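FYI, it's all coordinate maths here, none of it is from the lab. This structure is a prediction, so every number in the text was calculated from the model and none was measured. Cβ atoms come from the backbone with ideal geometry, glycine included; neighbour counts cover every protein chain shown.
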Amino acid sequence: MRPPGPARVDSAAPRGEALAACRDLVAGLPAELDGAARREVEPDDGTTAAWGDPAIVLRCGAAPPDPVTVQCVAVDGVDWAFLRRGEDAGEGHAGGHTGHGADAAGPAPFGFAFRTYGRDPVVEVVVPPEHAPEAEVLVPLAGHVAPVPRTGIECVGPSGG
């Protein structure tokens, strides 16, 4: 079997301090996640990462999630807003459509999009259903994301805060 080429991703295009923080975060991410090897990404601006095929995609500098319309879960001290992908109108990303471009065009199959809640810059992780249970990938990422500065807001509800 031929190894996959670079994962096609869309950068969130962070700027200034967020760009530097995102590049530092992405540079320190693991070579393997959920048993999947890290892949090259295209385009590569240093703010995105991908693992496996189909790819688990991490984007740093994403738009903040909408606190009114999403569920939230705390994983090892990091709050994540999440939404199942491929439901309702659009792809169902946390906080709206992101156009992450994780190897496919058109509506996404089910899976989950997770975004940090109460951290700046925001980190988004899109997990395809082949990596179910999807939330498990957040555990090894939490230690890398925890140093991202908190904004003072937290998850509220049964899973967080």
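Between Asp24 and Ile153, the modelled label-to-label distance comes to 2.4 nm, taking each label 7 Å out from Cα in the direction of the beta carbon. Under 5 Å from the amide H of Asp79 lie the amide H atoms of Tyr117, each residue being 5 or more positions distant or on a separate chain, with H modelled from the backbone and absent for Pro and chain starts. Label-to-label distance for Ala146 and Glu42 is 3.7 nm, based on points extended 7 Å past Cα in the beta-carbon direction.
Close amide H partners of Phe112, meaning residues 5 or more places away or on another chain with modelled amide H under 5 Å apart, are Arg85, Val127.
Annotation: amide H of Gln71 within the under-5 Å range of Phe82, sequence separation 5 or more or interchain, hydrogens built in the peptide plane.
Restricting to DSSP loop positions (anything but H, G, I, E, B) with no more than 14 other Cβ atoms inside 10 Å of their own Cβ, which trypsin sites (Lys or Arg not before Pro) remain in the range 1-78? The partial results should precede the final answer.
On the way: sites: Arg8, Arg15, Arg23, Arg38, Arg39, Arg59; in loops: Arg15.
Here the sparse-neighbourhood loop sites are Arg15.
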